[in-house]
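Have a look at the structure below before the remarks.
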Amino acid sequence: QVQLVESGGGLVQPGGSLRLSCAASGLTFRVYGMRWYRQAPGKERELVAGITSTSTGGMTIYADSVKGRFTISRDNAKNTIYLQMNSMKPEDTAVYYCYAVWFSEYWGQGTQVFVSS
């Protein structure tokens, strides 16, 4: 059974930092492209960042709204991806979801991030 378990969410002040983690199990992690999505209240789910499999170069993409502030990375030895979020803004408040895709796709249950003073 495939599981994606996010952690690291919480409350942070504007300008602060958080690091999200997504631990994967039940799949051959290294072949999967991995992404972070987020969904704010009343808004559609949007792509935040993605990283390809190591065999395809581990290339990264970012939403324009987070470029230069967020960094996605993967550790194949730990079957885990990370999202380092710096210089956070109130508009980063959302539920953040981990997503894995190859021939199948899987979602995590989400972790809540609040950015507020």
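The values are calculated or read from the model by the stated rules, or taken from the named source; none is laboratory data. Quick caveat, the model's predicted, so the values are computed rather than measured. Glycine also receives a Cβ, built like all others from the backbone with ideal geometry; neighbour counts cover every protein chain displayed. Surface areas here come from the heavy atoms of the whole protein model, side chains and all, with no ligands, DNA or RNA. Shrake-Rupley method; radii C 1.70, N 1.55, O 1.52, S 1.80 Å.
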Looking at region 94-117, which of its residues are of a type in the set (Gly, Ala, Ser) and in contact with a strand residue (DSSP E or B) (Cβ under 9 Å, 6 or more places away or on another chain)? ALA94, ALA100, GLY108, GLY110, SER116
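Just name the residue that is least open to solvent (accessible area, probe 1.4 Å) out of those in region 6-16 that are in a loop (DSSP other than H, G, I, E, B) and farther than 16 Å from THR71 by Cβ. Working first, answer last.
Start the filter on region 6-16 by keeping residues that are in a loop (DSSP other than H, G, I, E, B), which leaves 8-9, 13-16.
Remaining after also requiring farther than 16 Å from THR71 by Cβ: 9, 13-15.
Working: GLY9: 34, GLN13: 124, PRO14: 62, GLY15: 55 Å².
Top of the filtered list is GLY9.
Somewhere in region 17-35, is a residue closer than 23 Å to SER117 by Cα, outside any strand (DSSP E or B) and among the hydroxyl-bearing types (Ser, Thr, Tyr)? Lay out the reasoning, then the answer.
Residues of region 17-35 that are closer than 23 Å to SER117 by Cα, as a first pass: 17-20.
Narrowing the set further to residues that are outside any strand (DSSP E or B) leaves 17.
Next cut, among the hydroxyl-bearing types (Ser, Thr, Tyr) only: 17.
Yes, there is a match, as at least one residue in region 17-35 is closer than 23 Å to SER117 by Cα, outside any strand (DSSP E or B) and among the hydroxyl-bearing types (Ser, Thr, Tyr).
Kindly indicate the residue of region 85-105 that is open to solvent by 60 Å² or more (accessible area, probe 1.4 Å) and over 14 Å from ALA24 (Cα atoms) and also modelled with the lowest pLDDT among those meeting that condition. Give the derivation first.
Residues of region 85-105 open to solvent by 60 Å² or more (accessible area, probe 1.4 Å): 87, 89-91, 102-103, 105.
In the following step, the residues that additionally are over 14 Å from ALA24 (Cα atoms) were identified as 87, 89-91, 103.
Numbers: SER87: 98, LYS89: 97, PRO90: 97, GLU91: 96, PHE103: 93.
Restricting to residues being open to solvent by 60 Å² or more (accessible area, probe 1.4 Å) and over 14 Å from ALA24 (Cα atoms), the top hit is PHE103.
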Criterion violated by TYR99 - all others in (1) hydroxyl-bearing (Ser, Thr, Tyr); (2) over 19 Å from VAL2 (Cβ atoms); (3) not in a loop (DSSP other than H, G, I, E, B) satisfied: (2)
Please go through region 42-68 and give me each residue that is free of Cβ contacts under 8 Å to residues at least 40 places away in the same chain and open to solvent by less than 30 Å² (accessible area, probe 1.4 Å), ordered by number. ALA49, GLY50, ILE51, GLY58, ALA63, VAL66
Restricting to region 69-84, what's the tally of residues that are open to solvent by 30 Å² or more (accessible area, probe 1.4 Å) and under 20 Å from TRP102 (Cβ atoms)? 8
